[in-house]
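Engineer: What follows is a structure written as structure tokens; I'll ask about it next.
The values are calculated or read from the model by the stated rules, or taken from the named source; none is laboratory data. Everything numeric here is computed off the predicted structure, so don't read it as measured data. Heads up, the Cβs are rebuilt from the backbone with ideal geometry, glycines too, and the neighbour counts pull from every protein chain shown. For the accessible areas, the whole protein counts, side chains as well, though only heavy atoms, and no ligand, DNA or RNA atoms are used. Shrake-Rupley method; radii C 1.70, N 1.55, O 1.52, S 1.80 Å.
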Amino acid sequence: MKKFFITTPIYYVNDKPHIGHTYTTVAADVLARFYRENNETFFLTGTDEHGTKVCKSAKEQEKEVKKFCDEVAQSYQKTWKALDINYDFFVRTTDKYHEEFVKLILTHLKDNGFLYEGEYEGLYCEGCEEFKAEKDLVNGCCSIHKTYPVKLKEKVWFFKLSEFQDKVLESIGKNFKILPKSRETELVSFLKKEKLHDVAISRPRDRVEWGIELPWNNDQVIYVWIDALFNYLSGPLSSRGFNFNNKHWEDIVEALNDFWPAEIQLIGKDILRFHAVIWPALLLALELPLPKRLFVHGFFTINGEKISKSLGNAINPIDLKKKFGLSALRYYLFRDFSFGEDGDVSLKNLVERYNADLADNIGNLVSRSLTLVKKYGELKQKIEFKKDAELEKLFKDLKFKEVLERINFLAKEKNQLIDKEKPWSLIKEAHQGKEFAIENESQQKFEKILGGTLETLKTISYYLIPFLPHEGEKINQAINNLKSEIVFPKIEADNFKNN
Ligand code: MSP
């Protein structure tokens, strides 16, 4: 059966997981949890472990490179586990399986005439692991890393990217959607204006020692981005132990068919061109379909500053969890920022948001309504779960902020109804009058208010579960057992005074 395939970028192991990486990965987890309800879903993440900067970082720490990669890859896995990220497979580009798959793909591309040998002369930013044009620079520096790129003049192999300019352009917005729409417009205008040049797919081994060898030339190492992009295909094949030795290309295409094309590929805006130009061109050359949706999210700053290793301001998500709890973290990332736009992380806002929405609104509704029902006795009406058409649509459009806004709106409406109708006063009336008689108006009113509230809470818990799996389920169970719970204890202000 065809899987609903969701991917994150794979993270460079030169850096420890921080809140930026966390954002993309939790987003993929939220989507995967939502889709798993109705679809066979496959959620892939992993680590990008080759290239110059990974090798440099290992050496700085005086570690053997593979050992260093193992450690950082493990710290990613540990972090994702701590954050309740339920991926289906974790791909590592130094895994033998991935390396062999990439070699096989490049051999196929070469056999079909898409690769040729030539000389690359130009600039390279090691921070981005990217070939740069003069016009991409600001005062001669990389605009992201603020460092001078290295000048290269080297013999390499190229991929005929220039042949795919029109084909990529034709696919965008049709079988290959880039979201939000503004990113699609940006890309289309780039492709209409700029002529694409062929792209190097390898670098000399004496310049880059840490990478996969070109299968037909062991003096060349595959360019880290080309190696990395193929994780989206090697990962799922590897997860099911597909053995591609002695297999024909058609067998591989058939095996890929079970999950490819991806339904949603999530990326940050920094890596849009790799995913919206080079990646689709490679797929077109391989005659594979393009991903259905490429969703591009914005970038976080922390208290107005770029997150960077040198500034030392990268927030470790496990520390945040320890301090404020996982639900505060997972909730805040999607409630305060429109998915797709940039955002500035502030721990003060994180706490305020948790307290206002989860403790005071949704949590309060759970505990007060169930306390009232308990006092009253038992509801006659069965609490049914109803899907909410608007929430379904918002989820499918990856409008996470709007999903959480609506959930809060629904809870707020019920809190206001309870404030207005004061159902606690109805209990007394119900008991004073003809006890529990069906014709008793107060009793019917009580049942209507509280039954309706619990139904709304069932809906809320269903759509909250992808964001907050434990608390969402706790609400659901509390309703099933008609047992009042404090699901979201308030965070005391003292906890964030120094942030
Ligand atoms: N290894 C490449 C991706 C290869 S995918 C075939 C890479 N890795 S990265 O570790 O530098 O960053 C990966 C992703 O992390 C970014 O695209 C983005 O999704 C996320 N983020 C990293 N820093 C971020 C912020 N400050 N804010 C939000 N997301 C950020 O690029």
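Engineer: From the residues in region 250-291 that are in a helix (DSSP H, G or I) and small (Gly, Ala, Ser), which one is surrounded by the most Cβ atoms within 10 Å (Cβ to Cβ)? Lay out the reasoning, then the answer.
Structural biologist: Kept after step one, since they are in a helix (DSSP H, G or I), are these residues of region 250-291: 250-256, 269-285.
If we keep only those that are small (Gly, Ala, Ser) as well, we get 255, 276, 281, 285.
Values: 255: 18, 276: 27, 281: 23, 285: 21.
Within region 250-291, the match that is surrounded by the most Cβ atoms within 10 Å (Cβ to Cβ) is 276.
Engineer: Return the only residue of 334, 274, 230 being farther than 24 Å from residue 48 by Cα, within 14 Å of the ligand (Cβ to nearest atom) and of a type in the set (A, V, I, L, M, F, W, C).
Structural biologist: Just a single option satisfies the conditions, and that option is 334.
Engineer: Listed residues 290, 294; which is aliphatic (A, V, I, L, M) and either within 13 Å of the ligand (Cβ to nearest atom) or within 24 Å of residue 150 (Cα to Cα) (or both)?
Structural biologist: 294
Engineer: Go through region 319-349 and report how many residues are at pLDDT below 95, aliphatic (A, V, I, L, M) and under 20 Å from the mean Cα position of the chain (by Cα).
Structural biologist: 2
Engineer: With respect to residue 139, determine if the residue is open to solvent by 30 Å² or more (accessible area, probe 1.4 Å) and free of Cβ contacts under 8 Å to residues at least 40 places away in the same chain. Reasoning before the result, please.
Structural biologist: Working: open to solvent by 30 Å² or more (accessible area, probe 1.4 Å): yes; free of Cβ contacts under 8 Å to residues at least 40 places away in the same chain: yes.
Yes: the conditions hold for residue 139.
Engineer: So, in region 161-191, exactly how many residues are open to solvent by 80 Å² or more (accessible area, probe 1.4 Å) and in contact with a Lys or Arg (Cβ under 9 Å, 6 or more places away or on another chain)?
Structural biologist: So the count comes out to 2.
Engineer: Within region 123-195, which strands (runs of 3 or more DSSP E) (wholly inside it) include 3 or more residues that are among the basic types (Lys, Arg) and at negative phi?
Structural biologist: 150-159
Engineer: Another question, then. Out of the residues in region 458-483 that are of a type in the set (Phe, Trp, Tyr) and assigned to a helix (DSSP H, G or I), state the one that is most open to solvent (accessible area, probe 1.4 Å). Spell out the reasoning first.
Structural biologist: Initially, region 458-483 is screened for residues of a type in the set (Phe, Trp, Tyr), giving 462-463, 467.
With assigned to a helix (DSSP H, G or I) added as a condition, the list becomes 462-463.
Details: 462: 41, 463: 1 Å².
So, considering only residues that are of a type in the set (Phe, Trp, Tyr) and assigned to a helix (DSSP H, G or I), the one most open to solvent (accessible area, probe 1.4 Å) is 462.
Engineer: Still on this model: Residues that are closer than 20 Å to residue 343 by Cα, within 16 Å of the ligand (Cβ to nearest atom) and out of contact with any Lys or Arg (no Cβ under 7 Å at 6 or more places or on another chain): does region 243-266 have at least one?
Structural biologist: Yes: one or more hits.
Engineer: Next question, about the same structure. Run down 386, 380 and say which single residue is in contact with a helix residue (DSSP H, G or I) (Cβ under 7 Å, 6 or more places away or on another chain), of a type outside the set (A, V, I, L, M), touching a residue at least 60 places away in the same chain (Cβ under 8 Å) and within 30 Å of residue 35 (Cα to Cα).
Structural biologist: 386
Engineer: Related question: On the basis of being within 16 Å of the ligand (Cβ to nearest atom), in a loop (DSSP other than H, G, I, E, B) and either modelled with pLDDT of 95 or more or of a type outside the set (Val, Ile, Thr) (or both), does residue 15 make the cut?
Structural biologist: When the stated conditions are applied, residue 15 passes them.
Engineer: Now a separate question. From the residues in region 200-227 that are part of a loop (DSSP other than H, G, I, E, B) and open to solvent by 30 Å² or more (accessible area, probe 1.4 Å), which one is nearest to the ligand (Cβ to nearest atom)?
Structural biologist: 210
Engineer: Would you confirm whether or not region 76-94 contains a residue that is of a type in the set (Ser, Thr, Tyr) and either in a strand (DSSP E or B) or surrounded by fewer than 18 Cβ atoms within 10 Å (Cβ to Cβ) (or both)?
Structural biologist: No - not one qualifying residue is present in region 76-94.
Engineer: Considering only residues that are in a loop (DSSP other than H, G, I, E, B), over 30 Å from residue 350 (Cα atoms) and open to solvent by 10 Å² or more (accessible area, probe 1.4 Å), which ones fall in region 18-55?
Structural biologist: Within region 18-55, 38, 39, 40 meet the criteria.
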